[in-house]
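Since the structure comes first, as structure tokens, the remarks are kept for the end.
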Amino acid sequence: MSEKKTILAIGAHMDDVWYGLGGLALTAVKRGHRVVFINTVGDYSNWPTTQGREAELKSRVRALAEQRGIEIRFLGYKYEHVPDDVECMTELAKHCDEVAPDFMFYQWHDDTNRDHWKTGVASVYGCGHAACFLARPANVPRQAYAYQLDFPQCRNFTPNVYFDVTEALPNALEVLAAIDRIYAEYYRRDLTRSKVKDLATGREFDLTVHGEQKFALAVMRGAECGARYAEAFYALTRRPAQQVLDI
């Protein structure tokens, strides 16, 4: 195993990081690395889907991460209210300095969901230039990678780095299904769309709304790089091949 590293993954909503790099995150934990998630949205009181059960929702999302060895932090922004201003960048800078990540993963900026792209912009500047927002020396990520979200919303994403998630994908899909079921409690209907059986392992798993997209994307990215299933990223920082995603 390589030396222990720290991965910081920033997303707006409770399922964003799991969608974008759930397989990589679980693989990193299994290899002994530290993984920290930050959700910029921590207040769901204005979203009808979650109104009245905000505290329970955060507790359940936290448990999903911590049970899998992942730390999770929430900022205090409301749903669809995330800004890309100095205040948000400064808050992210503080967390980045404290976490001291080797790798940072952030949301791709060309996205029709305002929370997504504003979180992505705030992450790049707040963490990449943390010292300027904190007015003192600060820890910044050694490498930074953008990740892709939902097909209809995320646009013009062209990856240049791939990570094999063949072993971890079923477990990542399991988490997405659990989060979709939290939504489903409001809609009062099952969000399961299909069931997949891995003939190599015999394992079966349900695909919910986001899981179906995640699975399709993993198949496509895997085909692009020669793996069975893969997650793909855009490297903001360029490194020699031996150092790229050396997790």
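Any read-out appearing in this document is the output of simple, stated calculations on the displayed coordinates, not a laboratory observation. Bear in mind the structure is a predicted one, so any value in this text is a computation, not a measurement. Backbone-built Cβ (ideal geometry, glycine too); neighbour counts: all protein chains shown.
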List every residue pair whose Cβ atoms sit under 6 Å apart, with the two residues 6 or more apart in sequence or on different chains, where the first one lies in segment 220-247 and is within 25 Å of residue 196 (Cα to Cα) and the second, anywhere, is among the acidic types (Asp, Glu) and not in a helix (DSSP H, G or I). 227/164; 230/164
Can we say residue 222 is in a helix (DSSP H, G or I) and either of a type outside the set (Val, Ile, Thr) or surrounded by fewer than 20 Cβ atoms within 10 Å (Cβ to Cβ) (or both)? yes
Say whether the condition of being surrounded by 14 or more Cβ atoms within 10 Å (Cβ to Cβ), touching a residue at least 24 places away in the same chain (Cβ under 8 Å) and under 30 Å from residue 91 (Cβ atoms) is met by at least one residue in segment 188-208. no
Which condition number in (1) touching a residue at least 60 places away in the same chain (Cβ under 8 Å); (2) hydrophobic (A, V, I, L, M, F, W, C); (3) surrounded by 15 or more Cβ atoms within 10 Å (Cβ to Cβ) is the one that residue 133 fails? (1)
Do the conditions hold for residue 11, that is, is it of a type outside the set (A, V, I, L, M), surrounded by 20 or more Cβ atoms within 10 Å (Cβ to Cβ) and either closer than 23 Å to residue 139 by Cβ or within 10 Å of the chain's Cα centre (by Cα) (or both)? yes
In segment 225-241, which residues are crowded, with 16+ Cβ neighbours inside 10 Å, small (Gly, Ala, Ser) and assigned to a strand (DSSP E or B)? 230, 232
Would it be correct to say that residue 90 is among the β-branched types (Val, Ile, Thr) and over 18 Å from residue 174 (Cα atoms)? yes
